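To keep things clear, I will list the structure first and then write my remarks on it.
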């Protein structure tokens with residue numbers, strides 16, 4: 001068994017699930033300033049009250065697995081991207097506090113709304129910057145001793161792109177959880193955000209193909225390019241289906257969120273296809289970075305127990321609170 005590949009799949013799974021689940025949670029916070037009044041903002045926050053903290057479990061899971069399986073990568077990322085990581089964590093703390101205080105506050109309610117929105121925006125932007133910093137110098141011929149230049153034009157672009165993408169997920173979540181005027185408002189907002197996300201996705205993709213020959217060779221040279229063609233085709237399919245659902249007058253339920261998540265999955269697949277087998281793009285492969293066998297095999301037992309438990313809990317939680325959200329009783 002290729003244990004390095006197993007752990008890469010586990011980390012990839014954890015990151016993807018985190019992006020999909022906490023992505024729409026952060027997205028609700030990002031678009032909350034666009035909602036018209038305090039009641040609508042309250043409904044948006046209540047729709048997340050039972051899941052926002054459990055969604056972040058997957059962020060912890062990804063960090064723990066990275067520490068165990070690829071400790072050199074964990075040390076490299078934290079030491080080189082310390083500032084955006086700390087800003088992200090502080091923003092998540094302020095956002096979490098807002099959930100607890102917003103509905104108990106009277107005069108200070110607007111400040112907790114601001115904390116919820118800014119925490120979501122800053123955390124998302126920092127995640128995009130971290131991603132852009134790691135993949136942005138893949139073809140720079142740098143070694144592990146060279147620092148990461150994390151504040152670049154490309155990393156800022158990926159930060160804005162992730163803000164737009166999470167906003168789309170958040171709007172699609174609210175399409176499912178709201179009714180009446182708010183429901184119609186977020187549907188219209190989701191259409192604009194879909195166009196914004198597709199625009200950012202196109203610019204980021206072209207930038208990487210132009211600036212990074214290693215990725216361009218994989219995507220544009222046969223036979224590898226033939227194997228990757230389904231990814232952009234699926235992206236267009238998901239975007240087309242999502243646009244059609246958002247134009248309909250009836251309530252599309254969870255379908256828009258599913259198609260929006262499909263867009264993220266194809267984008268994530270394209271990224272992995274471009275950088276594999278590197279765990280630190282351009283610097284270190286998964287086989288160079290994997291920890292000793294005793295550590296990874298021992299930890300694998302606990303991970304295989306943990307994953308079904310947290311998945312079961314998430315399914316139960318989402319099914320229990322699957323209805324529309326109201327200010328009166330929550331559900």
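With a simple spin-label model that places each label point 7 Å from the Cα along the Cα-to-Cβ direction, the separation between residue 93 and residue 206 comes to 4.2 nm.
When peptides 108-114, 280-286 are sorted by average Cβ neighbour count within 10 Å, with the highest value leading, the order is 280-286, 108-114. Here the residues 245, 304, 5, ranked from fewest to most Cβ neighbours within 10 Å of their Cβ, fall in the order 304, 5, 245. Neighbour counting of Cβ atoms within 10 Å sorts the residues 268, 298, 99, fewest neighbours leading, into 298, 268, 99. Where q = 0.07, 0.13, 0.14 Å⁻¹, what log10 of I(q)/I(0) comes from the Debye formula for the chain, counting one point per Cα? Rounded to two decimals, the profile gives -0.29, -1.03, -1.18. State the Cα centre-to-centre distance between region 282-326 and region 125-155 in whole Å. Taking the Cα centre of region 125-155 as reference, the centre of region 282-326 is 26 Å away. Projecting label points 7 angstrom from Cα along Cα→Cβ for residue 227 and residue 273 puts them 1.0 nm apart. With each label modelled as a point 7 angstrom along the Cα→C-beta vector, the residue 106-residue 72 pair spans 6.1 nm. For region 2-98, how big is the tail of P(r) above 18 Å, as a whole percent of Cα pairs? Tail of the P(r) past 18 Å holds 56 percent of the pairs. Calculate the all-directions average of the projected area of region 176-327's alpha-carbon convex hull, and give it in nm². That works out to 12.6 nm², a quarter of the Cα hull's surface. Mean projected area of the Cα convex hull of region 111-167, taken over all directions, amounts to 4.5 nm². A protection proxy built from the mean count of other Cβ atoms within 10 Å ranks the segments 19-29, 74-84, 59-69, most packed first, as 19-29, 59-69, 74-84.
Bear in mind these aren't lab numbers, they're just calculated from the coordinates by the rules spelled out. As the structure is a computational prediction, the values presented were derived from the model and not from experiment. Positions of Cβ are backbone-derived with ideal geometry, glycine not excepted, and every protein chain shown enters the neighbour counts.
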